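Below: the structure, in structure tokens.
The values are calculated or read from the model by the stated rules, or taken from the named source; none is laboratory data. From a predicted model like this one, the values you see are computed outputs, not experimental measurements. FYI the Cβ positions are ideal-geometry reconstructions off the backbone, even for glycines, and counts take in every protein chain you see. Surface accessibility is based on the protein's heavy atoms, side chains included, excluding ligands, DNA and RNA. Shrake-Rupley method; radii C 1.70, N 1.55, O 1.52, S 1.80 Å.
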Amino acid sequence: MYKAGDTYPAEGFTANEERVYFLTGVHPEYKKIYLAEVTINEQEEHKEQVSEFPKHTGRGYYELSNGTKVKGKEEAIEAENALKSGE
């Protein structure tokens, strides 16, 4: 399973040309592109943006880095950002 920002193919594997073609196009059902060329600067920016908090715990609830649970993704992101900034 790959995550956003992972290198494809993983080290030790060879990319299948047909699979790469499929992944670089817009998925017919999900309307997303799953594979795109990324520069090193973009990779570094993505790593900075990805945080393990807030963590989705199910049923619309998210856990913050201080252990608090918040309902709603946007609310959880705002609350986590406030924690990080010391508010």
* How large is ³J(HN,Hα) for each residue in the stretch 57-71, as worked out from phi by the Karplus curve 6.51 cos²θ - 1.76 cosθ + 1.60 (θ = phi - 60°), to whole Hz, x for Gly and Pro? -> 10, x, 6, x, 9, 10, 9, 8, 5, 8, x, 5, 10, 10, 8
* Using a 1.4 Å probe and ignoring any ligands, DNA or RNA, find the accessible area of E74 and quote it in Å² to the nearest 10. => 120
* For F13 and E75, what does the FRET efficiency come to when R0 = 30 Å and r is the distance between their Cβ atoms, rounded to the nearest 0.05? -> 0.15
* **chymotrypsin sites (Phe, Trp or Tyr not before Pro) within the stretch 1-33: DSSP coil, no more than 15 neighbouring Cβ in 10 Å** => Y2, F13, Y30
* To do: Kindly sort R59, R19 by accessible area of their heavy atoms, largest first, with the probe set to 1.4 Å.
  => R59, R19
